[in-house]
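Asks: Questions regarding the structure given below will be posed in turn.
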Amino acid sequence: MTRLERLAAGLEDPLLVTSRVNVRYLVGLDSSNAALLVEPDGETSLFTDSRYALRAGAVQGVAFRQTRRNVVGELAELLAGRRVGVEGATLTVAQWETLRAGGVEPVLTQGVVERLRAVKDPGEIDALRAAAALSDLLFDELARQRFAGRTERELAWWIERRFRELGAEKVAFDVLVAAGVNGASPHAEVRDVPIPPGTLVTVDAGCVVDGYCSDCTRTFATGELPGQLAEIYALCRQAQQAGLDAVGPGVGGRDADAASRNPIQEAGYGEAYGHGMGHGIGLEVHEAPALRPESEDVLEAGNVVSVEPGIYLPGVGGVRIEDQVLVTEHGAERLTAFTKDLLTVG
């Protein structure tokens, strides 16, 4: 079955797809101003304005209609009197009111297309493998770079530029380089501050290949470490391996998270691991399924997820280790293979 056929098979009402990523996933059109109407019988209409008309008209298997710039405003007229499912995560309140004012009965839905996206097909897995392989190449080159004395921002720019030079479309998210006490923030902002010797440096970076993302984190040492930093690195690596070992089909997201969390809690650092263990990766760097304490998701073959426990000590430093993992029929396969030995960089 095609993606549109799989989607239609689960619909009771027509679904208006307004998420840019979901439109791209379903029909291949990447547009900042497009919408799909998918009927329960599979009939699909694509709507966008003149800027995307040539590309939209070339999409196979859908009926294309060119609209005004205000796509949702025109859809309110075209769908008047109909009951239509809408994507609660992306449709704005203003657009909801526009549909209602035009006589449409919008019905809130959550995660309908995202649940399809969570299970990758072979072509998607190939793209994710390619992105992960590029990340491995990048981290291998990065490990031979000088860190100490360069600023976090300088090193982050080197990473972004090098990803492009290696063939990536772009970076998947803003590169994170967090040295010393800055590493105590899981989402630290890069600083124009020289990286000091004798500390940990967390690098979280990913790229996009054929539209699909990589996401990998490694933590490096810039010389001999104080005892507590060496201790939390070894503990985080143990926890990350426990998380990797737990990932497999039929495993609950909260259970996989707990596997990585237990060693850190037992060592007395439970409060220093505040975020979830991981998330799905695909066309977006954060998507379903979720691996965190409150997750209701259950892993299945074809999911691609991150496994990224961390330990963060304010005023001291932090460590995070992350791999990108494919859930298989019988377990899991790491897609990012760069070493997790604690490397000392210059």
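The values are calculated or read from the model by the stated rules, or taken from the named source; none is laboratory data. No experiment lies behind these values; they were computed from the predicted model shown. Here the Cβ is made from the backbone with ideal geometry for all residues, glycine too, and neighbour counts use every protein chain on show. Ligands, DNA and RNA are stripped out before the accessible areas are found, and what is left, the full protein with its side chains, is counted by its heavy atoms. Shrake-Rupley method; radii C 1.70, N 1.55, O 1.52, S 1.80 Å.
Asks: Can you give the charge dipole size of the chain about its Cα centre, rounded to the nearest 20 debye, using +1 on the beta carbon of Lys and Arg and -1 on the beta carbon of Asp and Glu?
Replies: Roughly 860 debye for the chain.
Asks: Obtain the nm distance between the two label points defined at E154 and L137 by a simple spin-label model: each point lies 7 Å from its Cα along the Cα-to-C-beta direction.
Replies: Output for this residue pair reads 2.6 nm.
Asks: Determine the sum of side-chain charges near F139: Lys and Arg each +1, Asp and Glu each -1, restricted to other residues whose C-beta is under 13 angstrom from that of F139.
Replies: -4
Asks: Label 7 Å along Cα→Cβ of R83; region 101-132 residues with amide nitrogen under 13 Å?
Replies: Label zone hits: 105-108.
Asks: Output the 0 to 90 degree angle, nearest 10, between the alpha-carbon long axis of helix 253-266 and the longest principal axis computed from the alpha carbons of the chain.
Replies: 20
Asks: What is the spin-label model distance, in nm, from D121 to R24 if the labels are put 7 Å beyond Cα along the C-beta direction?
Replies: 1.7
Asks: With the cut-off at 1.5 for a/c, could you classify region 161-304 from its C-alpha gyration tensor as rounded, prolate or oblate?
Replies: The shape class here is oblate.
Asks: So if I take the alpha carbon set of the chain, get Rg, then get Rh from the Kirkwood formula, what is the Rg over Rh ratio?
Replies: 1.03
Asks: Roughly how much of R162 is accessible, in Å² to the nearest 10, using a 1.4 Å probe?
Replies: Only protein atoms counted, so the area is about 60 Å².
Asks: On to the next question. Assuming R0 = 22 Å, can you tell me the calculated FRET efficiency for the pair R164 and S185, based on Cβ-Cβ distance, to the nearest 0.05?
Replies: 0.25
Asks: If you take every DSSP beta bridge whose two residues both sit in the chain, what share of them, in percent to the nearest 5, is antiparallel?
Replies: Within the chain, antiparallel bridges account for around 75 percent of the total.
Asks: Rounded, prolate or oblate for region 1-149? Axes are the square roots of the Cα gyration tensor eigenvalues, ordered a ≥ b ≥ c, and the cut-off for rounded is a/c under 1.5.
Replies: prolate
Asks: Can you tell me the convex hull volume per residue for region 179-240, based on C-alpha atoms, in Å³ to the nearest whole number?
Replies: For region 179-240, the hull spanned by Cα atoms encloses 107 Å³ per residue.
Asks: Which GluC sites (Glu not before Pro) in region 269-328 sit in a loop by DSSP (not H, G, I, E or B) and have at most 12 other Cβ atoms within 10 Å of their own Cβ?
Replies: Those that pass, being in a loop and sparsely packed, are E294, E296.
Asks: In whole percent, and with a 1.4 Å probe on the protein chains, what portion of the accessible area of region 273-346 is carbon and sulfur?
Replies: The nonpolar share, carbon plus sulfur, comes to 51 percent.
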